[in-house]
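Since the structure comes first, as structure tokens, the remarks are kept for the end.
The values are calculated or read from the model by the stated rules, or taken from the named source; none is laboratory data. This structure is a prediction, so every number in the text was calculated from the model and none was measured. Cβ atoms come from the backbone with ideal geometry, glycine included; neighbour counts cover every protein chain shown. Heavy atoms of the whole protein, side chains included, go into the accessibility calculation; ligands, DNA and RNA do not. Shrake-Rupley method; radii C 1.70, N 1.55, O 1.52, S 1.80 Å.
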Amino acid sequence: MLDFFKRKGSTSNSSEVNVELPTTNVAIPIPENADVPIPENADVPISQSQFQRIDLDSLDYDPGTRKQIWEYHVNQRDEIRRAYIKKGPHQPPLETFKKSGKQNRSFQASWYRNNSKWLEYSPTTDAAYCLPCFVFHNPNVVVGQNAFIVGGFRNWKKVGGKDCSFQVHIGKDPNSAHRVAEQMCKDLMNQSQHLQRVVDHFTTEQIANNRLQLKATIFIVRYLAFQAIAFRGRDESFSSLNRGNFHESLGIVTFWNEKVAEIIEKAPKNATYTSPRIQKEILHVFSTKVKKAIREEIGDAKFCIMVDEARDESMKEQMAVVFRYVDAEGFVKERFFGLIHVVDTAALTLKKGIYSLLSQYCLDIQNIRGQGYDGASNMRGMWNGLQALILNDCPYAYYIHCFAHRLQLALVKASKQVVPISHFFLTLLFLIKIVSASCKRNEQLKVANANEIARLIDLEELEAGSGLNQIGTLQRPGETRWSSHFRSVSSLLRMFSSTVEVLQNIIDGAIDGENRAEGESAYEGLTSFEFVFILHLEKETMEITDKLCQALQSQSQDILNAMHLVSSTKALIQKFRDDGWDDLLTTVISFCEKHRIDVLDMNARYVARRGRARNQPDNELNYRFNEDAMELLRLSSALEPREALKSFRISDLCLLVKNFYPQDFTDYDKQVLEKELYHFEHNVLQDPEFKKLKSLSELSQWLVRTGNSEHYKLVYRMVILVLTLPVSTATTERAFSAMKLVKTELRNKMEDDFLNDSLMLYIEKDIASTFSLDSIVDDFEDLKERRVPFS
């Protein structure tokens, strides 16, 4: 377990272009939550040193060349600390000391006498050091004292006088880092009080009680993380009426469980294991186990990376990373793997962050078989975009522009290019703003809607029943989600009469000209024939595109099925354009007559507006989803069950392997592939169960379930490679939605690691919920040395 909590090597702040590629041949440790302060003896290993016996007599005592304490194995550190403390400060009695600087100053032997218990000198580096601070140096906590620990102090002119650097290092505060380190040295050498000796005296019953106490804390941490609830409270003192969600939840547990209450009451005050630091450590244990489970699920399989970036509440740029892969049972999985705080969104910065994450978990860059991003220039740029940089290192990491983002771009551009449609959405936003401007108007809208529903039920135009005819409000369309436009249009159609009534109330009750003018403008726009016509037109069009939008956001969606959906959507839009005019016009005229809206004379002379619509929705979809230009998808479609039943294109599948996945098949595999495909066509395609399959993801699961994945390994390998290709980045955007839920305006000072661990549990709770409380207790104990034993 220790290997999973070792700090990775320090990273350079320089913006270098070349980023080292991770390989599976190098075991790279997983970093610990570096933002969690760990006091006292809580050192964390940050190197991958193996446990080897150390000859204490051969220890290097020169402070300038000796190894740092944290470079030794965690189980050997106390023994090495005692050896250094027994030896005492390294104070070589030199006759002369090296001079340096413009004024030829040097270390003075007289300084030993005044600081005999801690001051050390290294002739090698000509620098002064502090023994207690070295012995208990914690690399995770930056205390500003590293000059006397790592680099050495050699500014001799600042020794002596009022602002003596030695006295500044010691500190006036009784709790200064130096004085705390001195006390820890005394405690360590006091064998009767040594932690291991105290732990050895615990009985089996006491250990069981310790585990039960910690389980209560773990249970509450897990519950709060799963619900994205804040842990801390504004005032957590014992006198507070509301000590925060964690302590209040713990109070509920102790109220209903007298044994837990008794154990917590009798627990040592320095080992209650309820502090914010402990809560973060438990979260980190959960997060690490989740990532480990995902890493084991990926194994040596090929995977796809999906990346998106967004700002959090504290105005930090965060990059969400999601892995897409096929698990051992043939199911497509998209797993959130963490947030990375980036200083900017330059492609090189994003690449460096991604490679660092891959290195930490020993994921080989050469196993990437897909990249899924939005269409931003820093992502999709052909020469300097993120996809191009990764393609340079892995030529088979094919980039797929997020399908959901393409659909959004197509619909937005089509609507903005058509002036009446653009004007319609401006009017729609203005309407919703006016009607929802106050609580009074919202209440009027709900009352009017309730009365309208009751009237229609009495006329038997609406069916009554549980859950039907819910009273709602007008939905505001979002800027980045076209499906929200569909909900907005649908809500206005459903509440059209109620909205008209509210606008009439605004006009009649206006106390000034501005409110009346706004009400009349909104009323005239709402009750115009053009607005009503486009309202129905958009509803019909969006009903078609919304099905595609929802399907593209499914995690198990495969790219071939997505292309089928795109094709069917374009066909339906074209059919509506060719054959839907008469039905649409009849519906609009009937609606206008029902609501007493003047209908235009369709036989009147038409006067064309200035300009013309350049992009229709179907034209934009053809432009954004031009699969004819994607040879990879054309060849891959031969694997799709519906296509295979029509014509199993063996030659296309051989070309797919030869042109796009040569690294994943040996020369021998390529030779026998054609024969295996013939056997697959003869035996598998004739299976009645195969004919029921509708998508590539269903085929993958069926092959594993029936054992055909072992009989036709090369075919199954092709299926997995194609399934790995991304469809949309919806999972990364869900991570940002979760981030906004977890890191709210009231919690905008969350550390990056705390936020990352909280998100990992909230998003991947299906994995985290499988871990037993006992396993979390064991991993928590292994994280570092504890004051009480748990096993």
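Listed values, structure above:
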| item | result |
| --- | --- |
| The chain - Cys residues lacking any other Cys C-beta under 4.7 Å | 164, 185, 304, 362, 394, 402, 439, 549, 592, 654 |
| Residue 54 long-range amide H proximity, modeled H, under 5 Å | none |
| Alpha-carbon Rg with Dmax, taken over segment 626-724, Å | 12.6, 36 |
| Ranked packing of 665-675, 538-548, most packed first, by mean Cβ within 10 Å | 538-548, 665-675 |
| DSSP bridge pairs, the chain: antiparallel proportion in percent, nearest 5 | 75 |
| Restricting segment 682-784 to trypsin sites (Lys or Arg not before Pro) in coil, as DSSP defines it, with at most 16 other Cβ within 10 Å | 694, 749 |
| Solvent-accessible area per residue, Å², over the chain with all protein chains present [probe radius 1.4 Å] | 51 |
| Cα-centred dipole magnitude for the chain, charges only on beta-carbon of K, R (+1) and D, E (-1), debye, nearest 20 | 2700 |
| Packing-based order for 502-514, 332-344, using average beta carbon neighbours within 10 Å, highest first | 332-344, 502-514 |
| Positive minus negative residues near residue 66 (Lys, Arg vs Asp, Glu; Cβ under 13 Å) | -1 |
| Per-residue HN-Hα couplings for segment 696-704 [Karplus 6.51, -1.76, 1.60; θ = phi - 60°; Hz; x = Gly/Pro] | 5, 5, 5, 4, 4, 5, 5, 4, 5 |
| Fraction of the pair-distance distribution of segment 650-788 above 19 Å, Cα-Cα pairs, percent | 69 |
| Integer Hz, Karplus 6.51/-1.76/1.60 couplings in order for segment 311-323, x for Gly and Pro | 8, 8, 5, 8, 6, 9, 7, 10, 10, 8, 10, 10, 9 |
| Pair residue 517, residue 686: separation of 7 Å Cα→Cβ label points (nm) | 8.1 |
| Segment 69-190: relative contact order as a whole-number percent, Cα under 8 Å and 6+ apart | 23 |
| Residue-by-residue Karplus 3J(HN,Hα) for segment 208-221, coefficients 6.51, -1.76, 1.60, Hz, glycine and proline x | 4, 5, 4, 5, 5, 4, 5, 4, 4, 5, 4, 4, 6, 4 |
| Protein accessible area in the chain, 1.4 Å probe - carbon and sulfur % | 50 |
| Calculated FRET efficiency for the pair residue 59/residue 164, C-beta based, R₀ 22 Å, to 0.05 | 0.10 |
| Accessible-area value, residue 684, 1.4 Å probe, nucleic acids and ligands omitted, Å² | 10 |
| Directionally averaged projected area (convex hull, Cα atoms, segment 408-595), nm² | 12.9 |
| Nonlocal amide H pairs with residue 341, under 5 Å, H built at 1.01 Å | 319 |
| Cβ charges +1 (Lys, Arg) and -1 (Asp, Glu), total dipole of segment 94-191, debye | 460 |
| The chain: calculated mean residue ellipticity at 222 nm from DSSP helix runs of at least 4, using -39500 (n - 2.57) | -16000 deg cm²/dmol |
| Unsatisfied cross-links (Cα-Cα over 19 Å) in the set 292/740; 316/743; 316/740; 98/157; 433/594; 289/749 | 292/740; 433/594; 289/749 |
| Separation between Cα centres of segment 342-421 and segment 519-591, rounded to whole Å | 30 |
| For peptides 217-229, 290-302, sequence by mean Cβ density within 10 Å, most packed first | 217-229, 290-302 |
| Length-normalised contact order of the chain in % [C-alpha pairs under 8 Å, at least 6 apart] | 17 |
| Area accessible to solvent at residue 278, 1.4 Å probe radius, in Å² | 10 |
